[in-house]
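The values are calculated or read from the model by the stated rules, or taken from the named source; none is laboratory data. Worth saying up front: this structure is predicted, and the values here are computed from it rather than measured. As a convention, Cβ positions derive from the backbone with ideal geometry for all residues, glycine included, and neighbour counts pool all protein chains shown.
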Amino acid sequence: MAVLQHLQEDFFKGIWRENPTFRIVLGLCPSLAISTSVVNGIGMGLAATFVLLGSNLLVSLIRNVTPSKIRLPVFIIIISSFVTIADLLIEAYTPDLHKALGIFIPLIVVNCIILARAEAFASRQPVLYSIADALGMGAGFTLALVIISGIREAIGNGTILGVPIFGPHYEPAITLILAPGAFLTLGLLIGLVNYISRKR
Amino acid sequence: MEKFFVIFFGVVLINNMILSRFLGLCPFLGVSRAFKPALSMGIAVTFVMTMASIVTWICYTFFLLPYGLEFLQTIAFILVIATFVQFVEMVIAKTSPPLQTALGIYLPLITTNCAVLGVSLINVKEGYNLVETTVHGFGGGLGFTMALLLMACIRERLDFAEVPECMKGFAIGFVLTSMLALAFFGFQGFFAR
């Protein structure tokens, strides 16, 4: 029972209390660059979750045999291997998504969330907890991406998942799809999250 | 000559690493609280970015391409950049201690700066030759420094402003960045006729 509770806690902390994007403010570059449409947001979230799961699993498995002096290079090699796998898989099965995400797929390597979880969690905890942690963090990241991209796509393009939501007379505010809109959306969302958690 | 000009101003003003390509945001928000550390960080990034562009280009053209190993570029680049940053750190520690104190912890941090890896990947993707790569890397670093310094100047004044409690820190930082990005939009279409 205690194990189950532990697992639950490891999973849910990634979604709100330690949400990577809104609370810890890590992994910003992809959350802003590719959040122009919900499809891209989900794609990026799933790719990052896959890499997070793979790297947490492997790092946790070899945590007792890795010399602590060279652990960072080891982590980076593990992470970049999984990123390469994800990159090739996305290119093979969803070429359109691969084109939309562009260089931000290889850039998952330097996404601080993944290295931070490997260093702070997976290298110290058993495999099962590390998997829960990876899934929770991945879910929190995906959720954040879906929220950001949902707002940007709805206001900047008048659609959600490509379906028009505001009717034919809506003039899309294109700025929100472009760079300034990304910064503005994330800034206001972080402010909102701070406001809500302060009220509690 | 004209091509270099276009690449250089393109990456400094129009496709600025931070404001339009969203690369290197962590150091941008982390080190832009005051002018001086921002300047040190900018110099360190410009130097590493220029050199890393050259090194990764050589690595790609002479080691990966001839053997059909392009799919290994992510792993190869990150290793080359990490090793290179370590090497630069040792050289600076040996030859110029004052510079080392000035750069401090910023140098090792650059390894995880996605702008450096991003520039290297863009170089390869755009198919630049060695000189164009160097210009692109240097311009990218310069554009990064400029955005960082602008932000630092604004944030130094922001200390005296009354910001709502929940917007303090990152939240207002992003709203400011949004304004900066909007201003830089004026350069869009600079070279298009």
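Return only the number of the condition from (1) touching a residue at least 12 places away in the same chain (Cβ under 8 Å); (2) surrounded by 14 or more Cβ atoms within 10 Å (Cβ to Cβ); (3) not charged (D, E, K, R) that B:Phe63 does not satisfy.
(2)
Condition test on B:Ala183, is it within 13 Å of another protein chain (Cβ to nearest Cβ), part of a helix (DSSP H, G or I) and surrounded by fewer than 13 Cβ atoms within 10 Å (Cβ to Cβ)? So that I can check it myself, show each step before the final result.
On the way: within 13 Å of another protein chain (Cβ to nearest Cβ): yes; part of a helix (DSSP H, G or I): yes; surrounded by fewer than 13 Cβ atoms within 10 Å (Cβ to Cβ): yes.
For B:Ala183, the condition - within 13 Å of another protein chain (Cβ to nearest Cβ), part of a helix (DSSP H, G or I) and surrounded by fewer than 13 Cβ atoms within 10 Å (Cβ to Cβ) - is met.
State all residues of the range A:86-102 that are surrounded by fewer than 19 Cβ atoms within 10 Å (Cβ to Cβ) and facing another protein chain (nearest Cβ under 10 Å); if no residue qualifies, say none.
Passing the criteria: A:Leu88, A:Glu91, A:Gly102.
Does the range B:1-30 hold any residues that are more than 14 Å from chain A (Cβ to nearest Cβ), more than 12 Å from the chain's Cα centre (by Cα) and β-branched (Val, Ile, Thr), and which are they?
B:Val6, B:Ile7
State whether the residues of the range A:120-131 include one that is at pLDDT below 90, surrounded by fewer than 18 Cβ atoms within 10 Å (Cβ to Cβ), part of a helix (DSSP H, G or I) and more than 14 Å from chain B (Cβ to nearest Cβ).
Yes, because at least one residue in the range A:120-131 is at pLDDT below 90, surrounded by fewer than 18 Cβ atoms within 10 Å (Cβ to Cβ), part of a helix (DSSP H, G or I) and more than 14 Å from chain B (Cβ to nearest Cβ).
Which members of the range B:129-172 meet the condition of being closer than 23 Å to B:Val116 by Cα, part of a helix (DSSP H, G or I) and without any contact (Cβ under 8 Å) to a residue 40 or more places away in the chain? Full working, then the answer.
The first filter runs over the range B:129-172 and keeps only residues closer than 23 Å to B:Val116 by Cα, leaving B:129-152, B:170.
Next, from what is left, pick out any that are part of a helix (DSSP H, G or I): B:130-152, B:170.
Of everything in the range B:129-172, just one residue is closer than 23 Å to B:Val116 by Cα, part of a helix (DSSP H, G or I) and without any contact (Cβ under 8 Å) to a residue 40 or more places away in the chain, namely B:Leu150.
Contact list please: Cβ distance under 6 Å, first residue in the range B:111-128 and at the interface with chain A (Cβ under 7 Å from one of its Cβ atoms) and more than 15 Å from B:Phe28 (Cβ to Cβ), second residue aliphatic (A, V, I, L, M) and buried (at least 22 other Cβ atoms within 10 Å of the Cβ), pairs at least six apart or on different chains.
Partner pairs satisfying both residue conditions: B:Leu117/A:Val110.
Among (1) over 30 Å from A:Val3 (Cβ atoms); (2) part of a loop (DSSP other than H, G, I, E, B); (3) not acidic (Asp, Glu), where does A:Ser80 come up short?
With respect to (1) over 30 Å from A:Val3 (Cβ atoms); (2) part of a loop (DSSP other than H, G, I, E, B); (3) not acidic (Asp, Glu), A:Ser80 is out only on (2).
Within the range A:115-140, how many residues turn out to be in contact with a Ser or Thr (Cβ under 6 Å, 6 or more places away or on another chain) and within 22 Å of B:Gly118 (Cβ to Cβ)? Before you say what the answer is, go through the steps one by one.
The first filter runs over the range A:115-140 and keeps only residues in contact with a Ser or Thr (Cβ under 6 Å, 6 or more places away or on another chain), leaving A:118, A:122, A:127, A:130, A:138.
Subset that is within 22 Å of B:Gly118 (Cβ to Cβ): A:118.
Of the residues in the range A:115-140, 1 are in contact with a Ser or Thr (Cβ under 6 Å, 6 or more places away or on another chain) and within 22 Å of B:Gly118 (Cβ to Cβ).
For residues that are in contact with a helix residue (DSSP H, G or I) (Cβ under 9 Å, 6 or more places away or on another chain), away from every other protein chain (no Cβ under 14 Å) and surrounded by fewer than 20 Cβ atoms within 10 Å (Cβ to Cβ), tally how many sit in the range B:151-160. Give the derivation first.
Looking only at the range B:151-160, we keep the residues that are in contact with a helix residue (DSSP H, G or I) (Cβ under 9 Å, 6 or more places away or on another chain), and these are B:151-156, B:158.
In the following step, the residues that additionally are away from every other protein chain (no Cβ under 14 Å) were identified as B:152-153, B:156.
From what is left, the residues that are surrounded by fewer than 20 Cβ atoms within 10 Å (Cβ to Cβ) are B:153, B:156.
Residues that pass the stated criteria total 2.
Would you check which residues across the range A:158-192 are over 14 Å from A:Ser35 (Cβ atoms), more than 10 Å from every other protein chain (Cβ to nearest Cβ) and of a type in the set (A, V, I, L, M) and list them?
Passing the criteria: A:Val163, A:Ile165, A:Ala173, A:Ile174.
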